[in-house]
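Since the structure comes first, as structure tokens, the remarks are kept for the end.
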Amino acid sequence: LSTRLGLEEGMQLPRSIIEFYYKADKLNDPMVSEEHITAFGWASPQEIDEIMQLALRINDFLVGLFLGIGIRLVDFKVEFGRLWDNDQQVRIVLADEISPDCCRLWDIASGDKLDKDRFRRDLGGLLEADTDLAQCGVGCTQRIRQAAHGQRERDHHPERRQRLAARQ
């Protein structure tokens with residue numbers, strides 16, 4: 001968004017934004033609209049709704065998770081897929097990893113970038129950023145396990161309504 005619309009990098013948006021991209025390296029992964037998606041039969045309107053609901057739930061969870069360890073989730077990209085169950089019913093599922101490779105993560109206290117932008121922008125400190133994230137990862141792993149078992153208390157921090165951009 002910052003490059004495309006001239007906004008300040010990392011600017012807090014009033015609400016989450018979901019963008020769709022056609023995954024094609026030779027085309028540089030162009031952004032597409034919901035109309036493109038339905039016109040070309042890539043997903044139905046109902047599947048688009050499911051994807052958007054899942055993306056917002058993932059965003060909500062990750063924002064709270066990272067805030068709990070002093071990291072700001074600036075944005076992330078994920079991929080979704082279809083999963084057929086035994087009754088041949090289709091479910092939309094997250095079909096991607098969630099890692100620093102698909103997220104932009106900034107240290108809340110220092111504002112330091114802890115993600116692949118360190119490499120892309122030749123900011124240095126790659127090992128230190130990876131080490132910081134790895135140390136945080138232990139706490140993240142424990143919280144993810146607790147959440148999966150319904151043991152994590154709900155985080156009602158106001159910053160949980162931070163934006164989601166499928167990709168900037």
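Could you tell me whether the range 35-44 includes any residue that is out of contact with any strand residue (DSSP E or B) (no Cβ under 7 Å at 6 or more places or on another chain), among the acidic types (Asp, Glu) and more than 16 Å from Arg104 (Cα to Cα)?
yes
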Residues of the range 63-99 being under 20 Å from Leu1 (Cα atoms) and either over 12 Å from the mean Cα position of the chain (by Cα) or open to solvent by less than 20 Å² (accessible area, probe 1.4 Å) (or both), in sequence order, are Val63, Leu73, Val74, Asp75, Phe76
Please find, within the range 1-41, the residue that is nearest to Arg82 (Cα to Cα) out of those that are in contact (Cβ under 8 Å) with a residue 12 or more places away in the chain and open to solvent by 100 Å² or more (accessible area, probe 1.4 Å).
-> Lys23
Please enumerate the residues belonging to the range 90-103 that are part of a loop (DSSP other than H, G, I, E, B) and more than 17 Å from Asp49 (Cα to Cα).
-> Asp96, Glu97, Ile98, Ser99, Pro100, Asp101, Cys102
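The values are calculated or read from the model by the stated rules, or taken from the named source; none is laboratory data. Everything numeric here is computed off the predicted structure, so don't read it as measured data. Don't worry about glycine lacking a Cβ; one is built from the backbone with ideal geometry, like all the others, and counts go over all protein chains shown. Side chains included, ligands, DNA and RNA excluded: accessible areas come from the protein's heavy atoms. Shrake-Rupley method; radii C 1.70, N 1.55, O 1.52, S 1.80 Å.
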